[in-house]
Amino acid sequence: MKQFENRWIFEFFEEKPDAIIKSMFGGLALYYQGQLKMLLSENVGDYSYHGKEYDFEVWNGILIATDRIHHESLQKQFPFLVNHPVLPKWLYLPFTFEGWEERIEMITRLVRSSDPRVGVWPQEKARKKTKKKTVKKVVKKKVTKKVAKKAVSRSKKPVKRR
């Protein structure tokens, strides 16, 4: 498993029985009290996505899982949060921003306090549908004299007539 230099961000949650830290999108996801709260991503050097350049690394920071209706109030309280360019429904704090350690601590305090603006409920996994075996019924057509005569007349063999 990949080692994360900034795993310390999740230290508070590691001993909590209602917290789960697991791999997701090549990063570490924090589930707390049943909700996905944050995603730690450490991929240095990628400043672009779909041909657009950003002044921060796109996958090197903390993504805050939240619904769009909370973006305005969270960005007003924490103006350093930006919409993630790939997952715009989440807010993002890149590690390249100055003072990001103190800012992350502010965000983790918000998560610990169970602020309702932070976190999304995971979607239930769709059950795999099993394919029903269909039995093809072979329908025998009744061959009428007309059909038989047409079939014979189309063949290259000469037709004997009575």
Whole-Hz ³J(HN,Hα) from phi, Karplus 6.51 cos²θ - 1.76 cosθ + 1.60, for segment 81-91, glycine and proline x: 7, 10, 5, 6, x, 8, 10, x, 6, 10, 9
Largest-first ordering by accessible area, 1.4 Å probe, given options ASP67, ASP115, ASP55: ASP55, ASP67, ASP115
Accessible-area order (highest first, 1.4 angstrom probe) of the listed residues GLU11, GLU72, GLU57: GLU72, GLU11, GLU57
Simple label model, 7 Å out from Cα along Cβ direction - LYS22 to ARG109, nm: 3.1
Gyration tensor verdict on segment 13-77 (Cα atoms; rounded if a/c is under 1.5, prolate if a/b is larger than b/c, oblate otherwise): oblate
Accessible-area value, VAL44, 1.4 Å probe, nucleic acids and ligands omitted, Å²: 120
Solvent exposure ordering (accessible area, 1.4 Å, most first) of HIS71, HIS50: HIS50, HIS71
Positive minus negative residues near MET106 (Lys, Arg vs Asp, Glu; Cβ under 15 Å): +1
3J(HN,Hα) from dihedral phi, segment 95-110, Karplus parametrisation 6.51/-1.76/1.60, rounded to Hz, x for glycine, proline: 5, 7, 6, 5, x, 4, 4, 5, 5, 5, 4, 4, 5, 5, 5, 5
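The values are calculated or read from the model by the stated rules, or taken from the named source; none is laboratory data. All values reported here derive from a predicted model rather than from experimental measurement. Reconstructed Cβ throughout: ideal geometry from the backbone, glycine too, with neighbour counts over all protein chains shown. We work out accessible area using only protein heavy atoms, side chains counted, and drop any ligands, DNA or RNA first. Shrake-Rupley method; radii C 1.70, N 1.55, O 1.52, S 1.80 Å.
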